[in-house]
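Readers should treat all values here as calculations from the given coordinates under stated rules, not as data from a laboratory. Just so we're clear, the structure is a prediction, and the values are computed from it rather than from any experiment. Ideal geometry is used to build each Cβ from the backbone, glycine not excepted, and the neighbour counts take in all protein chains shown.
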């Protein structure tokens, strides 16, 4: 019997064949969210920019450029077979860790954190990429040792994430450190971490946080955020007696509450138009959604995030190998904690942190990193048949 040889396909043919299996919903959702984010960035910044003599489209233009770069980055990652990344995970990890440490020396400080490289008019925040690198590193290590993944090897995987978390903590960026911790923990739980190990890790984390507070490593404004969260009755103080965090939280909750069921109308919210909510185009962009579009607009946005989470979870279930499953779970955890923390802090059910709302908040590094994460999961889904 003669067996015909299978034709050897070129790289471009393999990419085109894989694209047929792309998750269209996962492809369109980030684009739709990003376009909606442009509208809300314009709504929340145009009045403030106008008062400063700037164009109301200044932030929109920069964010549009970042979206295009993010789409390009996503396309590149989708074109790469994720199994190559699986086998070479130490390389991006070895590059990222020194970048995180070097920013402590040559980086720029903004809003209390020294986490940005300044290159001319552009800023780059390596910790946004570090989230994805940690997901890949934990998944890659656990995949390599799946047959002998005991508690000590899980500890090594946790140590890979811990080293990055320490570097981010030294940048005084507790919000990003929290996201990295959740991403790593989600991957480790799926890899086989037992409940008793989770309790031990959480106790260790609580001890380290307590030590950081006692030794003064936690900044005064970060402690103020925790105190404000624990005692929100302080918001009722006269404006002159409020701390910046207390004022920010009160203005945020006022904007969302004033939206009611259907909102004041796009570009019509008084809190938003008058610039009463600080950092509204970045960390507090959900307040613009709540005021202008009301409960229905906010609920619709959260439903879109829920749809995004469902597609990521589905890909985790159908992934062709252990690495693909862990990557999809890690990216799901990354988006989930960011949405929960960001929306929660605007309503006072979570402490205020500098965590952006995925695809909506203004910020080039954050949105490029988000598109990179989606591209990585798409690469897993596209090659599930070989």
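Could you work out [θ]222 nm for the chain from helices alone, using -39500 (n - 2.57) per DSSP H run of at least four and dividing by all its residues? Round to the nearest 500 deg cm²/dmol. Write down the numbers at each step before the final one.
Working: 15 runs with 269 residues, N = 386.
Roughly -23500 deg cm²/dmol at 222 nm, from the helical runs in the chain.
Quick one: in segment 33-151, what % of C-alpha pairs are over 16 Å apart?
Everything past 16 Å amounts to 74 percent.
On a 0 to 90 degree scale, rounded to 10, what angle separates helix 58-79 from the longest Cα axis of the chain?
10
Treating the angle as unsigned and between 0 and 90°, give the value, to the nearest 10°, between the Cα long axis of helix 220-230 and the longest Cα principal axis of the chain.
Here the helix axis deviates by roughly 80 degrees.
Taking the chain as the reference, fit the longest principal axis to its C-alpha atoms, fit the long axis of helix 126-144 to the helix C-alpha atoms, and give the angle between the two in degrees, 0 to 90, nearest 10.
Approximately 30 degrees, to the nearest 10.
Report relative contact order for the chain in percent, whole number only (criteria: Cα-Cα under 8 Å, sequence separation at least 6). Please list the in-between numbers first.
On the way: 552 pairs, mean separation 107.4, N = 386.
About 28 percent, as a whole number.
What is segment 295-386's relative contact order, in percent, from Cα pairs under 8 angstrom and six or more apart in sequence? Could you put the intermediate results ahead of the total?
Numbers: 73 pairs, mean separation 25.6, N = 92.
Relative contact order here is 28 percent.
How big is segment 249-288 in terms of Cα radius of gyration and Dmax, in angstroms?
Over segment 249-288's Cα set, Rg and Dmax evaluate to 9.0, 24 Å.
Give me the Kirkwood hydrodynamic radius of the chain, using the inverse of the mean 1/r over all pairs of distinct Cα atoms, in Å to one decimal.
Taking the inverse mean of 1/r over all distinct Cα pairs, the chain comes out at 22.0 Å.
What percent do you get for the relative contact order of segment 20-92 when only Cα pairs under 8 Å and 6+ apart count?
Working: 20 pairs, mean separation 14.9, N = 73.
Taking the mean separation of contacting Cα pairs over the length of segment 20-92, I get 20 percent.
Give me the three principal axis extents of segment 88-134 from the C-alpha atoms, as integers in angstrom, largest value leading.
That gives 33, 20, 17 Å along the principal axes, largest extent first.
State the volume of the convex hull built on the alpha-carbon positions of segment 252-386, expressed per residue in Å³ and rounded to an integer.
Working: hull volume 14.2 nm³, N = 135.
Expressed per residue, the convex hull around the Cα atoms of segment 252-386 is 105 Å³.
Looking only at 87, 173, 292, which one moves most when the chain is put into a Gaussian network model with springs between Cα atoms under 10 Å?
It is 87.
Residues of segment 180-195 with the amide nitrogen closer than 17 Å to a label point 7 Å from the Cα of residue 156, along Cα-to-Cβ, please.
Flagged as within label range: 188, 191-193.
Just need log10 I(q)/I(0) for segment 103-185 at q = 0.14, 0.21 Å⁻¹, Debye formula, equal scatterers on the alpha-carbon atoms, no solvent, rounded to two decimals.
Debye output, listed in q order: -0.51, -0.90.
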